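The values are calculated or read from the model by the stated rules, or taken from the named source; none is laboratory data. None of these values were measured; they are calculated from a predicted model. Here Cβ is always computed from backbone atoms with ideal geometry, including for glycine, and neighbour counts include all displayed protein chains.
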Amino acid sequence: MIYENYFSLQQRPFSIAPNPDFLYAHGQYQEALAVLEYGMLHRGGFILLTGEVGTGKTTLCKHLLQSIPNDTEVALILHPQLERLELLQLICKEFKVAVESCAKESELIASITEFLLAVYAKGGYSLLVIDEAQHLDTNVLELIRLLTNLETHSDKLLQIILLGQPELNQRLQRFELRQLNQRFTARFHLQPLNFSQLNKYVQHRLHVAGSERHLFSMPALFTLKRLSKGIPRLINLLADRSLMGCYALNRSQVSSWMVLQAAKEVLPKKPSNIIKYSVMSFIVMLLVLFAGKDLLSVMDNQQLSKAYKNVQQAVITKLSGDETSSCTQRNNCWQGMLPQSLIAFSQSDVSVFDHGRWQKWHTSSGIDGLVLSRIQWSAPFDVTALIKPGSYHEGVLWARQILSQAELHSVSSEDFSNWQVIKPEVSESITPSFYDVFLVDQVKQFQKRHGLLVDGILGKQTLISLTLWQQKNSETI
């Protein structure tokens, strides 16, 4: 525990270890999980998942293995730089198939086939996962193709998932591997995160670690995107070191300068001219964004270099100045992303960051979806900790009442005159203050409807949104 207590975190949010608990299961990662689950549970035979180094392939795989059915046998190969015989021996070891150390290739395949048939006869599944598959020799890839031939008249006996870097796709295009390349029933390639995804990714990991605060300023996120190129592993590396620097300086929020300092310490050094022009381009972007002028024609590189510190400080002041800092230090004031559809009807004192400055909300701003907002909020109960499923909290009953009204409102807002809505009766044995599975589903539906993070957890963002929804519909419910 180094900076965790300082930021009120339950654990380190940006460890580079592939922890499936921190999986950002949204967007392309949700699609990739669906592809992997399809290949595993529908006996599809062969699945290919590729992505650049550090894009989260192993984390996805570990998350998948956490949720596999109990009747699934798994062989996980993490170091595939093996010969054909060595790979077969390792597969037997992973499946706990007893074989002699001197067994031939044909004997090992026969033993594996007998094991797969026994699992299939019981209605179970057999899954082979090979990570870092770009290192497999051509002969070994051909052996894997032969393993896909193990099948009954209707189903494959062995589901195979290959995880690899982009060069694996290039290798599979070779003429001698055309038979293997035609066996894949599903393929998916993970792309680096864009800025919007990176913003949500960072906040998601902070949320899982126990924080609802925005610990990274907007300029810091821009810098994080530029230096990491959207690769999650590099994002974690830089974000972790940036939080350490923020803690060392006794600051409440990571700035762009802190991310740059972190990059100097943890990233491989680049030629000085690349760093120079990379920084120059970032400065120009900020100057154009916040000064509203095209300064390219009036400032040379030397002048831009001198202006860097002043510009950086001006940007930080605009996004996280004294007014914002004092706001986040008060218990009744919250700053973060809130749904536009709700804050437009708020009776609270709401400001949004629009056109380069904080200003009072006005409906003509033209901003859609979630808006970076600062709001004076009177909490009806203590919300210092997250309200998670399976827990008891006084706020559960409050949320249950609002969500029941929200659910009825969403149904009545459409023409369902020919439908009969049947809701399950709530058992008397259920305590109203207990966060049960029925409420979890209602919370997720509300979060999805308003563009919030769909995690079923009642954090400050969701609770404030519920309050705003209640204000919006106070006259109609």
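Would it be correct to say that Val259 is outside the structural domain of Lys388 (by TED's automatic domain parsing), over 30 Å from Lys388 (Cα atoms) and at pLDDT 90 or above?
Answer is yes for this residue.
Please work out if Ser154 is of a type outside the set (Phe, Trp, Tyr) and in a loop (DSSP other than H, G, I, E, B).
On the way: of a type outside the set (Phe, Trp, Tyr): yes; in a loop (DSSP other than H, G, I, E, B): yes.
Answer is yes for this residue.
Hey, can you tell me all the residues within region 435-457 that are acidic (Asp, Glu) and under 12 Å from Ile387 (Cα atoms)?
Asp436, Asp455
Sort through Asp131, Asp155 and tell me the only one that's surrounded by fewer than 15 Cβ atoms within 10 Å (Cβ to Cβ) and within 24 Å of Leu36 (Cβ to Cβ).
Criteria check complete, one pass: Asp155.
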